Amino acid sequence: MKKILLIALMLPLAAATQAQRYTDFSGVAASTIDGVVHIRTEQTRLTPLYQSFFGFIINQGMQRKVYSAYGSGVIVSTDGYIVTNNHVVQDAERISVTLNDKRVLSARLVGNDPATDLALIKVDATGLKPIPYGNSDSARVGQPVLAIGNPFNLTSTVTAGIISAKARNMGIIDNARGAESPIEAFIQTDAAVNPGNSGGALVDGSGRLIGIVTAIASGDGYYTGYSFAIPSNLARKVAGDLQRYGYVQRAYLGVNVVEMTSQTAQQMGLSEVRGILLARLVPDGAAARGGLHQGDLLLSIAGVEVNSFAEMMEELGRFSPGDLVDVTYYRNGTTHSATVTLQNSQGTTDVIRPKK
């Protein structure tokens, strides 16, 4: 066994006491750990059955084999609704949930949204301890956070870090089965997560949910420095739609956009690179009806600045078709404001039901 050398950095007593005050997350961990569950799924697959006869490999047909997978989930209501990742429960035939108090409950899939890699499941229980939603828009780079989940089947594991970046678009959500474009605007953190953390909680220093842990950046599948979480404002909207409709009511502005560069900003006479350029508007779409034109520079949606496609999609993901949203935009040297009525993918404000 290798010897591990531990090096202690000595601090003056006053400094150590101050550091401890700012790094002690025990209270936050205690108030949130019961809100994270361990999820186990089972799926039966047909696999080839081979046998060896006198050195020859003979195909004996197909056999049924049960495969298990594991992940995490976040309790969001006292009566048993749990948010997790779609990739944790997708195609599962059986879902079981282990609470932090060791109770094991069967769960059913309420609905899933591959475009955001989110899903909502339900257990028959009352008096559970949900983690309250926080405002992910208010999360700041450098802010301390905790990741709570079940890496490597190690239940109720808490790790700490900071928010490293926001609105990261990693191109990792695969929605090959659906028509909706993936929505990626991840919160990046250096809190250590590993396989099994998927669907777990990212909470702030007040114990509020600001993200659903989803992925890591790694070449070998294990934590190497950064992890990514779906913002809670987006997760809250998706979970609410899945509970109410069984399908996400996604809102659209009806635009194709191009992200700004320093060269584009200079050509437009801007002193800074900001906003996103409206390259094309859908005829009779939400933006066109609201008075926006091709070539306008979209600056904000509902008071939140948008400087990338990911930020725009994150903000729109919080709203539903029919919602009135204030936008600001830049045109010909002047900043303008408009109120637009968001639409669904069919260009209306009707509720869309999932296809049977």
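The values are calculated or read from the model by the stated rules, or taken from the named source; none is laboratory data. Worth saying up front: this structure is predicted, and the values here are computed from it rather than measured. All Cβ positions, glycine included, derive from the backbone under ideal geometry; neighbour counts span all protein chains shown. Protein only, heavy atoms only, side chains kept; ligands, DNA and RNA dropped before computing areas. Shrake-Rupley method; radii C 1.70, N 1.55, O 1.52, S 1.80 Å.
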The alpha-carbon center of the stretch 128-203 and that of the stretch 256-284 are separated, in whole Å, by 30
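Loop by DSSP (not H, G, I, E, B), at most 12 other beta-carbon atoms within 10 Å: where is the longest site-free stretch of the chain for GluC sites (Glu not before Pro)?
With a cap of 12 other Cβ atoms within 10 Å, the longest stretch comes to 94-271.
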Report the accessible area of Thr261, computed with a 1.4 Å probe over the heavy atoms of all protein chains in place, in Å² rounded to the nearest 10. 70
Please build a GNM for the chain, connecting alpha carbons under 10 Å apart, and tell me which residue among Thr41, Thr339, Thr264 fluctuates the most. Thr264
Where does the charge balance sit around Thr78 when Lys and Arg score +1, Asp and Glu -1, over other residues with C-beta under 14 Å from its C-beta? -1
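For Ala338 and Tyr245, what is the calculated FRET efficiency with R₀ set at 25 Å and r taken between the beta-carbons, to the nearest 0.05?
0.30
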How many Lys pairs in the chain lie less than 30 angstrom apart by Cα atoms, where the lysines are 8 or more positions apart or on different chains? 15
Taking only DSSP H segments of four or more residues, each worth -39500 (n - 2.57), what value at 222 nm results for the chain once the sum is divided by all its residues, to the nearest 500 deg cm²/dmol? -4000 deg cm²/dmol
Ignoring the sites themselves, what is the longest stretch of the chain with no chymotrypsin sites (Phe, Trp or Tyr not before Pro) in a DSSP loop and at most 15 other beta-carbon atoms within 10 Å? 55-221
In sequence order, what are the phi-derived ³J(HN,Hα) couplings for the stretch 315-325 according to the Karplus relation 6.51 cos²θ - 1.76 cosθ + 1.60 with θ = phi - 60°, rounded to whole Hz, with x for glycine and proline? 5, 5, x, 7, 10, 10, x, x, 5, 8, 10
In the set [x] 22.0, 78; [y] 20.6, 72; [z] 23.5, 84, which value of Rg and Dmax of the Cα atoms in Å was calculated from the structure you see? [z]
Gaussian network model of the chain, Cα springs within a sub-10 Å range: biggest mean-square fluctuation belongs to which of Gly71, Gly200, Gly225? Gly225
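Given a Förster distance of 41 Å, report the FRET efficiency between Ser106 and Glu259 from their Cβ-Cβ distance, rounded to the nearest 0.05.
Once the sixth-power term is evaluated, E becomes 0.35.
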What net charge do the residues around Ala147 carry, taking every other residue with its C-beta under 15 Å from that of Ala147, with Lys and Arg at +1 and Asp and Glu at -1? -1
Stretched fully, the stretch from Arg45 through Thr126 gains (0.36 nm per residue minus C-alpha distance, one decimal, in nm) 25.8 nm
Just to confirm, what accessible area per residue do you get for the stretch 219-356 at 1.4 Å probe, in whole Å²? 51
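How much length is gained if the chain between Ala165 and Ser31 is pulled fully straight, taking 0.36 nm per residue apart and subtracting their Cα-Cα distance, in nm to one decimal?
Contour length minus Cα-Cα distance gives 45.7 nm.
Restricting attention to the stretch 68-150, which trypsin sites (Lys or Arg not before Pro) occupy a DSSP loop and are surrounded by at most 16 other Cβ atoms within 10 Å?
Listed in order of number, the matching sites are Lys102, Arg103, Arg140.
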